[in-house]
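Structure, as structure tokens:
No lab work stands behind these numbers, since they all come straight from the coordinates. Source: prediction; values computed, not measured. We place every Cβ from the backbone using ideal geometry, glycine too, and count neighbours over all the protein chains shown.
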Ligand code: GLN
């Protein structure tokens, strides 16, 4: 079967959940036996979100091949249970960079380089790469931003051209919002009509409309939208707010989204999607036997999107343990030696989050100390591991000024230091240790118990690392390195064997937790918190 291309655009407002709709449709098609992948095109000029402040963009998601990407890729992986790569996230910056490189090489043979056709051709090439090289049955391409934005124009033009070139092998799903006016008790379709007009002005006729709404849409309203927007009535799909994002695939199936898409793309629609495992996950999610309170100590707590993958990993791990994780986000800047007991007292587990820069570091170190001294299950991720190491050096080894070079380059005891490979790097974007690396687990450790295997692959995004000059001293005093990179001997996991559950990783396990394969570290941490 030729690869089919589905484009997902958005109108009326941003934040409608194109990523979740794309992931849900992909899940349903996958559950019908098709091979599917999802791609996100981001219309900003950064090459990737690597240098963006989390307040701008939420979490940076890192793929196996070391691409720093939009957090929607995390949803794609969690829903589909399959890895994405750099090819799954392309930005305007990347498109322009490759066109400009080609121009400098002389590839355009003296032609004037223009948005149309050169930029649009490059966009089309990036859309087709996944279909051409990996032979997916279906590639879903989500266009970031909102139709009508200046920066989205070249993308919409590329969609227009591909629809023209590939005909019935393409499909455009447009996601809009139907507001409810409480004063007149009315759902209003005008913004949808306008946004479809704007798409039509660019030459793209949407084939399917997904309407986000807070109330059910009547048959009449759907008929009206269908008529005004040239879309078949059964292709006007409502998407009501769901209690969890993981219900959206089922809602979309009930609304017939996958069936309409299969029909319009001419894919034989023989069997119903097999969602049995997904349903059993939802069942466990919705019927927890009890709750367990866990603290996430970090500095971006006002913007939970900065910790998206961690939050979702707790949902997966909770379901797997049949508990609801009541996650309390604690601002690390507010944590002090005086108030730490008040802030963290009732917690059954403490997670210290990843991050960059010195703000809130001392609070994180206090949180580690509190967990270590009170035998409270502890889990540190990346910066969280570095804080655990600093805390141990200060309060157990007695090096009062111990620190990471990142926060105090003049410290005499830099127990966390810049990696050798990072010392001569001056550029900021895409220069960290990125992507999946192997990690060898020491026998007889908590890490081995958790993973049940000796060689794992986990994803990284950091510049600093445990300083091996101190390893023997740490181990002598009770903090053990239980995972190493087999090639470089970098310490990837530390733990305290005398503690109930104290483990921290230099890598980001949250990037590999999915609905049907919850990450073992999160599952074990939640279990330890429950048993305490
Ligand atoms: N800032 C730390 C480093 O660069 C930790 C990074 C992180 O938590 N992702 O090593």
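Data for the structure
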quantity: Reciprocal of mean inverse Cα separation for region 86-129 (Kirkwood radius, Å); calculated: 10.8
quantity: Sequence-separation-based contact order of the chain, relative, with Cα cut under 8 Å and 6+ spacing, percent; calculated: 15
quantity: Zero-based 5 Å bins, Cα pair distances in region 246-318, whole percents; calculated: 3, 11, 17, 16, 14, 13, 11, 8, 4, 3, 0
quantity: Peptides ranked, highest mean first, by Cβ atoms within 10 Å: ranges 207-215, 186-194, 520-528; calculated: 520-528, 207-215, 186-194
quantity: Shape call, region 446-505: gyration tensor on alpha carbons, a/c limit 1.5; calculated: oblate
quantity: All Cα pairs of region 399-502, percent lying beyond 21 Å; calculated: 41
quantity: Mean separation of Cα contacts under 8 Å, 6 or more apart, over the residue count of region 261-340: relative contact order %; calculated: 37
quantity: Stretch gain in nm, segment residue 337-residue 132, where the contour uses 0.36 nm per residue and the Cα spacing is subtracted; calculated: 68.1 nm
quantity: Cα-based convex hull volume of the chain per residue, rounded to whole Å³; calculated: 166
quantity: Förster-model FRET efficiency, 25 Å R0, residue 201 and residue 112, C-beta, rounded to 0.05; calculated: 0.45
quantity: Proxy reagent accessibility, fewest Cβ within 10 Å first, across 532, 278; calculated: 532, 278
quantity: Crossing angle, helix 308-321 versus the chain [Cα axis fit, 0-90 degrees, rounded to tens]; calculated: 80
quantity: Coordinate range along principal axes, alpha carbons of region 359-436, Å, largest first; calculated: 41, 29, 21
quantity: Between helix 383-395 and the chain: long-axis angle, C-alpha atoms, 0 to 90°, nearest 10; calculated: 10
quantity: Ascending count of other beta-carbon atoms within 10 Å, so fewest first, for 91, 69, 244; calculated: 244, 91, 69
quantity: Nearest-ten-degree value, helix 219-229 long axis tilted from longest Cα axis of the chain; calculated: 80
quantity: Relative compactness, region 402-443, computed as alpha-carbon Rg over 2.2 N^0.38 Å; calculated: 1.47
quantity: Kirkwood Rh and Cα Rg combined as Rg/Rh, region 44-139; calculated: 1.02
